[in-house]
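J.: Following this message is one structure expressed as C-alpha cells.
The values are calculated or read from the model by the stated rules, or taken from the named source; none is laboratory data. The model shown is predicted, which means the values in this text are computed figures rather than measured ones. Virtual Cβ from ideal backbone geometry, glycine too; neighbours counted across all protein chains shown. Just so you know, the surface numbers come from the protein's heavy atoms only, side chains and all, with ligands and any DNA or RNA stripped out. Shrake-Rupley method; radii C 1.70, N 1.55, O 1.52, S 1.80 Å.
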Amino acid sequence: IRTSSMGRDEGQVHLPAEMLDLIFQLLPTRDLMVVVQVCSFWREVGEAPGLWSRGVICLARGNMSMLPEVLGARRMLLVRILRVLDWEDMPEETVEVVVGHQGLKLLDLRGVGLSSVTSSQLARLVTGLQEVWLGYCPLAYSQAEAILAGVVRGSKLSRLKLSFTDLSTVEPGLLARAVSGLEEVNLSSSQLTVQQTQAVLR
C-alpha cells in the first residue's frame, strides 16, 4: 500500500495509520512497547489509548514515583487494571493519583499496607472502581466500615475480595447490606462472627 510520504523519504512504501492500527491491535503489550519506539509516526499511532486498554500496570516500591507520569500518559488513559506489589504501606498521594484515573476498573491491593490511608480516601478509592482485591490487608475497623458504608450508599463496585482480612468488628447489619449490593464478594477467612454470618445469609 503506497501512501503520500508525509515528510518521509520519497519512494518508500508506508502503511496508512488505519492499517497500522489494525495490525497493532493484534500485538501483545510487550510488542506495543517496542513499536512506539520505531519512529514518530508509529509512536503516534501506537499510543492510541484503545490499544493499551488490555494492559496491566504493576506498581512496586521502585517505580512509585513514576505513577503520576505513567497514569497521565495518553496511552494509559483506558488501562483497566492496576496491581500494587511489594508495598508495606501505600502513600496517601498515590491513592489520590489512582482515584483521579478514569479508566481503571480493577485494583489489586492484596497484602498492601494501608495504615497511612484515611478511611474516607480508601472508601472513595474502592467504591469508584468495579472490582477491588483487598485480601491479606490489615484494615482498621474505621477503614472497613467506611468501605462497606460506601457500598451501601451506592457505588460502581460490583466485586470485592476481602479474604484473610479481619472483619469481626464490623456491625452485622452493615456487612449484610453491603454484601447484598455486590455481584460477588469473597469473605473467606475474614473471621466472621455467627451474628455476621447469619445477617449475611438472611
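J.: Please report, ordered by residue number, the helices (runs of 4 or more DSSP H) entirely within region 67-155 with at least 1 residues that are under 16 Å from the mean Cα position of the chain (by Cα).
T.: 67-72, 92-99, 119-127
J.: Which one is farthest from LEU139 (Cα to Cα), of the residues in region 73-83 that are touching a Gly at 6+ places or on another chain (Cβ under 9 Å) and open to solvent by less than 60 Å² (accessible area, probe 1.4 Å)?
T.: Step by step, filter region 73-83, then rank; the result is ARG75.
J.: Please pick out the residue among GLU93, GLU131 that is farther than 15 Å from LEU167 by Cβ and either surrounded by 17 or more Cβ atoms within 10 Å (Cβ to Cβ) or touching a Pro at 6+ places or on another chain (Cβ under 7 Å) (or both).
T.: Step by step, each of GLU93, GLU131 is checked, and only GLU131 is farther than 15 Å from LEU167 by Cβ and either surrounded by 17 or more Cβ atoms within 10 Å (Cβ to Cβ) or touching a Pro at 6+ places or on another chain (Cβ under 7 Å) (or both).
J.: Here is a further query. Which is open to solvent by 40 Å² or more (accessible area, probe 1.4 Å), at pLDDT below 80, farther than 29 Å from GLU93 by Cβ and not in a helix (DSSP H, G or I), of VAL13, VAL38?
T.: It is VAL13.
J.: Report yes if VAL45 is more than 16 Å from LEU107 (Cβ to Cβ), surrounded by 13 or more Cβ atoms within 10 Å (Cβ to Cβ) and in contact with a helix residue (DSSP H, G or I) (Cβ under 7 Å, 6 or more places away or on another chain), otherwise no.
T.: Against the criterion (more than 16 Å from LEU107 (Cβ to Cβ), surrounded by 13 or more Cβ atoms within 10 Å (Cβ to Cβ) and in contact with a helix residue (DSSP H, G or I) (Cβ under 7 Å, 6 or more places away or on another chain)), VAL45 qualifies.
J.: I've got another one for you. Scanning for something of a type in the set (D, E, K, R), assigned to a loop (DSSP other than H, G, I, E, B) and in contact (Cβ under 8 Å) with a residue 12 or more places away in the chain, does region 184-197 turn up at least one residue?
T.: No, because not a single residue in region 184-197 is of a type in the set (D, E, K, R), assigned to a loop (DSSP other than H, G, I, E, B) and in contact (Cβ under 8 Å) with a residue 12 or more places away in the chain.
J.: Now a separate question. List the residue pairs whose Cβ atoms are under 9 Å apart, where the first residue sits in region 80-104 and is hydroxyl-bearing (Ser, Thr, Tyr), the second is open to solvent by less than 80 Å² (accessible area, probe 1.4 Å) and assigned to a helix (DSSP H, G or I), and the two are 6 or more positions apart or on different chains.
T.: Hits for this filter: THR94/MET64; THR94/LEU67; THR94/PRO68.
J.: Now a separate question. Return the pair list, or none, for Cβ contacts closer than 7 Å from residues in region 23-36 that are at negative phi to residues that are open to solvent by 90 Å² or more (accessible area, probe 1.4 Å) and not in a loop (DSSP other than H, G, I, E, B), at least 6 apart or on different chains.
T.: As it stands, the answer is VAL36/ARG43, since those pairs meet every condition given.
J.: Which condition breaks for ASN63 when tested against (1) farther than 20 Å from LEU162 by Cα; (2) among the polar types (S, T, N, Q); (3) touching a residue at least 24 places away in the same chain (Cβ under 8 Å)?
T.: Every listed condition holds for ASN63 apart from (3).
J.: Determine whether ALA144 is of a type outside the set (S, T, N, Q) and crowded, with 20+ Cβ neighbours inside 10 Å.
T.: Yes, satisfied.
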